[in-house]
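First up is the structure itself, then whatever we jot down about it.
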Amino acid sequence: MELLEKILWIIWALLQVVIAGYIAIPFLFVVIYGLLRLFRVRTPFQRKPFLTDRQFDFAFIITAHQETKFVYPLVDSILKQSYGNFIVYLVADDCQQENISFADARIRVLKPEPALHSKIKSIRYAIAKFERKPDAIIILDADNLIHPSFLDTMNQYFRKGYRVVQSQFKPKNTDTDYARMDAIGDMFNFFIEREMRMRMGMSSAIWGSGVAVDTDMYNAVEYKHFLGGFDKKLQAYLVQNTRRIAYAEEAILFDEKITSGASLETQRTRWISSYFKYFKESFVIFFKGLLRFDINLMYFGYILLRPPLFMVLGLAGLFTVINFFIWPLAAWIWVGLWASFLVAFAAIVLIKGKDARFLATFFKLPLFAGRQFLALIKVRKAKKSFLKTQHTSLVYIDDLIK
């Protein structure tokens, strides 16, 4: 009985250490960010020399499902690029009733029959229709817009030898509380999981759009599941097969933020399902890093194993309360971790938001977490159907950057 009690205490302590690490990282990264800026330390991209003066050939793949009105602003933003070596493949999946056409010869409109109802399948369909093999593909969602210098920036990164580059996201719309809360989530995640990893010489996480991938590397990925998790599977392969996944802060993609609680639940249901679906692969990455003593792989796997943030915070709150009854010292340590996390979160919003409205929205985030809990309850739906997020913000790139 005494041995069992010791084992349970060890498990209890280890579980808290793992969750405490997730809570402590944001504050640690904010401090490191401040020191790097204070001493004007150049980023890895700035230090890395150009390896070639080649002008890389890119293929944009746009996945549109059941709606096409948003692709016109997106294609408009692509055609306004300062860099012109590209071709666009627009996959209009299940859009049979709509006549889509563009005057520019670099735009190819593809209409798969029968309908695919899958982002992964749409990308594969586009690749099969390539008229020439590009050096890299850039995957975009129909509701995206890209800054005029987006592609030129990507070319600079590829000229320096990077084979996978994730762009920066900025909100296309911030007119509702949910849109601003969604944007705050992006600020936090992109700062912690992309910008700071890049500054510290580690692999950035990727997102489901705005990522440029060497064509041969993408073609080597083998998908077994076709509903959700596109970026999870892709990054699991990429982080193990390229030296570093880069983050290009200067390559700006404008992404539509959700505008209602219902849209949030749909989106997060799909994301949470993907987390559980690829949980085993996250373990594989972590243990490969452990066996190779590869800090980059270990950290990448450790973060992939992290549950969604609202669950991490829920566990942290539970540990805090329980420890006040059984381990008071640990409870006060948790109070300190909570304080550091809140300070770091607010600092990131201030650094990246540059908009007073985000500070007011900050206090409404518990509502955001509550909707994610509802999404967790509905997670089984994501295994049975393609959960599509509805889009409403129809704007052009000129409206955003003028």
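The values are calculated or read from the model by the stated rules, or taken from the named source; none is laboratory data. Just so it is clear, the structure is predicted and the values come from calculations on it, not from any experiment. In this analysis, Cβ positions are derived from the backbone assuming ideal geometry, glycine residues included, and neighbour counts consider all displayed protein chains.
Residue 329 passes every criterion in (1) over 24 Å from the mean Cα position of the chain (by Cα); (2) at pLDDT 95 or above apart from (2). Quick check: is even one residue across segment 36-43 more than 30 Å from residue 110 (Cβ to Cβ) and aromatic (Phe, Trp, Tyr)? The answer is yes; a qualifying residue exists. Scanning segment 170-208 for residues that are among the acidic types (Asp, Glu) and either under 12 Å from the mean Cα position of the chain (by Cα) or assigned to a helix (DSSP H, G or I) (or both) yields 177, 182, 186, 193, 195. With respect to (1) surrounded by fewer than 19 Cβ atoms within 10 Å (Cβ to Cβ); (2) closer than 30 Å to residue 219 by Cα, the lone exception for residue 8 is condition (2). Can you find a residue that is of a type outside the set (Asp, Glu), assigned to a loop (DSSP other than H, G, I, E, B), crowded, with 18+ Cβ neighbours inside 10 Å and at pLDDT 95 or above anywhere in segment 102-122? No, there is no match, as no residue in segment 102-122 is of a type outside the set (Asp, Glu), assigned to a loop (DSSP other than H, G, I, E, B), crowded, with 18+ Cβ neighbours inside 10 Å and at pLDDT 95 or above. For segment 209-240, the set of residues classified as buried (at least 21 other Cβ atoms within 10 Å of the Cβ) and part of a loop (DSSP other than H, G, I, E, B) consists of 209, 210, 228, 229, listed by residue number.
Among the residues of segment 189-199, not a single one is within 21 Å of residue 397 (Cα to Cα) and surrounded by 18 or more Cβ atoms within 10 Å (Cβ to Cβ).
Taking the listed residues 268, 199, the one that is modelled with pLDDT of 95 or more and out of contact with any strand residue (DSSP E or B) (no Cβ under 7 Å at 6 or more places or on another chain) is 199, with no other qualifying. On the stretch given as segment 144-169, residues that are over 16 Å from the mean Cα position of the chain (by Cα), within 23 Å of residue 90 (Cβ to Cβ) and assigned to a loop (DSSP other than H, G, I, E, B) total 3. Within segment 42-88, the only residue that satisfies the criterion of being aromatic (Phe, Trp, Tyr) and farther than 20 Å from residue 252 by Cα is 50.
If the condition is being aliphatic (A, V, I, L, M) and surrounded by 13 or more Cβ atoms within 10 Å (Cβ to Cβ), then segment 123-146 contributes 123, 126, 127, 136, 137, 138, 139, 140, 142, 145, 146. When you look at residue 81, is it buried (at least 19 other Cβ atoms within 10 Å of the Cβ), at negative phi and not assigned by TED's automatic domain parsing to the domain that holds residue 344, yes or no? Considered against the rule, which asks whether it is buried (at least 19 other Cβ atoms within 10 Å of the Cβ), at negative phi and not assigned by TED's automatic domain parsing to the domain that holds residue 344, residue 81 comes out as yes.
Taken over segment 39-66, the criterion of being basic (Lys, Arg) and not in a loop (DSSP other than H, G, I, E, B) is satisfied by 47 alone.
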